[in-house]
Each structure stands twice: as structure tokens, then as C-alpha cells.
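First the structure, in the form of C-alpha cells, and then the observations on it.
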Amino acid sequence: GAVVSQHPSWVICKSGTSVKIECRSLDFQATTMFWYRQFPKQSLMLMATSNEGSKATYEQGVEKDKFLINHASLTLSTLTVTSAHPEDSSFYICSAAWGLAGRHYNEQFFGPGTRLTVL
Amino acid sequence: AQKITQTQPGMFVQEKEAVTLDCTYDTSDQSYGLFWYKQPSSGEMIFLIYQGSYDEQNATEGRYSLNFQKARKSANLVISASQLGDSAMYFCAMRAGANNLFFGTGTRLTVIP
């Protein structure tokens, strides 16, 4: 399957600082990237969907000003957690897929995740 | 609205035995896809198997098979000949129509030597 990388794999930061997480599709061009959040022992919750070159679509309840998503190229998407607080501590997973906009693609490829701890 | 239900928070299986992980779903879309993912303790999501709503045959991938019963809206994962490395969280997921992938709450499988 296709490879998706995330960087960093874990990060610890102080409350009030901003953290940027990168997601890259290494061997394919991802027309769509997804960002998920997973709390311990819980399922993945979709935060937002982004298509290359356009603004991200955020799920209900996700603050777009706090979780800034940029999908500047077909191989890179970034998630910036602004003014992080301890309640933002979580496991963040990105996922990438290819396909024409609006088409029903079958498979998403997931990155290895980034564990964020805010002190 | 989409809904995925995994009623088994935890399952135990003896090594080399088969195990079935349950998944039921609900959607009003006629076209949908069902997925199973494995998440080991390291956190990465590993794609295991896919079943399309119009597929007549049950999907199989090596030791994984998907018992798809459309009328009952169930998509159970069967793992044959369990191995110690199969111990992980398993998530059932669905994509219906143009919607995004929606995950169930997961089942933690523990393989006992």
C-alpha cells in the first residue's frame, strides 16, 4: 500500500504555544487528506477534510481557528494546534487518499500518528 | 446518518484458534464500503480488508475474511489461525455515499499463548 508519513511522531509543548504536525504522502499524490483525533482507548474522530489548494472542511464542534489546516501541495498537509492547552493532548492521525473530487474512493492510507502532550 | 456498532470492547482468543469480531452498521445509502483496520499499540492504522455493498462474494485477505450479511447489516471480521502479533485494537469503519470514513468504537483483541 501507499506510504503516509507524519512528523513529529511525538511532541511535548508548554501550554499556550503552537505546534505544527506535518503529513506527507510519500509515493502518491493525495488529492484529499484527513485529520483525525484519538483520545486514549477511544475511536478515531474526524476533525477535518482538506483538498489540495482549497480550504479545509471542519467537522461540527472542531474550532477551525484553533486547528489550522493547510494542504498546500498534493503531498503535504499540515495541522497547526494554536495556543495549545492540556485538553488538546491527544493522538493526531492523518490520512491521505487519491481520486477525483466527489468520486467514491475506496481506500485511505493512514500516517503513523503524532502524540501531542501539552503541559 | 451513518452508524457503526462494535459491541465487543474486548475479546480473547487462544493462539492458532479462529476469532470473529462483530460489526453492525446502519446507513440509508445503497452504495457503501465497509473496512476493517488494525491498530497495534504503536498507533498506526493498518488496513486489513474491504467489502463493497455490491460485492456478492465475501472479501478475503490471507487470514482475514469478512462475513458480510447485507440483510442483517453486519460485517464481521474473521481472523483464522490467530497469532500473538494479532493482539491489537480492531476498528470497523464505513464510508457511505460521498461521506467520509466513519469508525466504530473498536474491539481490543488479545491472543493468549
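The values are calculated or read from the model by the stated rules, or taken from the named source; none is laboratory data. What you are looking at is a predicted structure, and each value in this text was computed from that prediction instead of being measured. Please note: Cβ atoms are built from the backbone with ideal geometry, for glycine as well, and neighbour counts cover all protein chains shown. These accessible areas exclude ligands, DNA and RNA; they are computed on the full protein's heavy atoms, side chains included. Shrake-Rupley method; radii C 1.70, N 1.55, O 1.52, S 1.80 Å.
In summary, the convex hull built on the alpha carbon positions of the range B:54-109 has an orientation-averaged projected area of 4.8 nm². Using only alpha-carbon positions in the range A:1-59, the gyration tensor eigenvalues give semi-axes of 21, 15, 14 Å once each is multiplied by 5 and square-rooted (largest first). In summary, the lysines within cross-link reach of B:Lys16, defined as a Cα separation below 24 angstrom excluding same-chain residues under 8 places away, comprise B:Lys38. Each principal axis of the Cα cloud of chain A was evaluated for its coordinate range; sorted largest first, these ranges are 40, 26, 25 Å. Of the residues B:Gly33, B:Ala71, A:Gly111, the one whose Cα sits farthest towards the positive end of the charge dipole of the protein assembly as shown is A:Gly111 (charges of +1 on Lys and Arg Cβ, -1 on Asp and Glu Cβ, taken about the Cα centre). Between B and A, buried accessible area from a 1.4 angstrom probe totals roughly 1500 Å², ignoring ligands, DNA and RNA.
Average accessible surface for chain A: 52 Å² per residue, computed with a 1.4 Å probe over protein heavy atoms with every protein chain in place. Extension gain for A:Phe39-A:Leu119 works out to 27.2 nm (0.36 nm per residue, less the C-alpha to C-alpha distance). What chain B shows is 48 Å² of accessible area per residue, with the surface traced by a 1.4 Å probe over protein heavy atoms. When a 1.4 Å probe is rolled over the protein heavy atoms, the share of accessible surface on chain A that falls to carbon and sulfur comes to 53 percent.
Net charge dipole, the range A:15-61: roughly 180 debye, given to the nearest 20, about the Cα centre with Cβ charges of +1 for Lys and Arg and -1 for Asp and Glu.
Each 10 Å bin, from zero up to the one with the longest distance, holds this percent of the alpha carbon pairs of the protein assembly as shown: 8, 32, 35, 20, 5, 0.
Backbone N atoms of the range B:1-28 closer than 12 Å to the 7 Å Cα→Cβ label point of B:Asn58 belong to residues B:19-21. Lys-Lys pairs in chain A that are eight or more residues apart or on separate chains and whose Cα atoms lie under 22 Å of each other come to 7.
Note on A:Lys20 and A:Leu68: the model spin-label points, each 7 Å out from Cα along the C-beta direction, lie 0.9 nm apart.
Take the Cβ atoms of A:Thr57 and A:Asp27, set R0 to 35 Å, and the FRET efficiency comes out at 0.85. Note on the protein assembly as shown: antiparallel DSSP beta bridges, both residues inside, total approximately 90 percent of the bridges counted. Rounded to the nearest Hz, the phi-derived 3J(HN,Hα) couplings of the range B:14-23 under the Karplus curve 6.51 cos²θ - 1.76 cosθ + 1.60 (θ = phi - 60°) are 6, 3, 6, 8, 9, 9, 10, 9, 7, 8, where x marks glycine and proline.
Burial of accessible area (probe 1.4 Å, heavy atoms of protein chains only) in the range B:82-113, relative to its chain alone, reaches at least 50 Å² for B:Arg95, B:Asn100, B:Phe103. Just to be sure I follow: if Rg is taken over the C-alpha atoms of chain B and Rh is the Kirkwood radius over the same atoms, what is Rg/Rh? We get a ratio of 0.96 for chain B. Neighbours of B:Gly62, meaning other residues whose beta-carbon lies under 13 angstrom from its beta-carbon, give a summed charge of 0 when Lys and Arg score +1 and Asp and Glu score -1.
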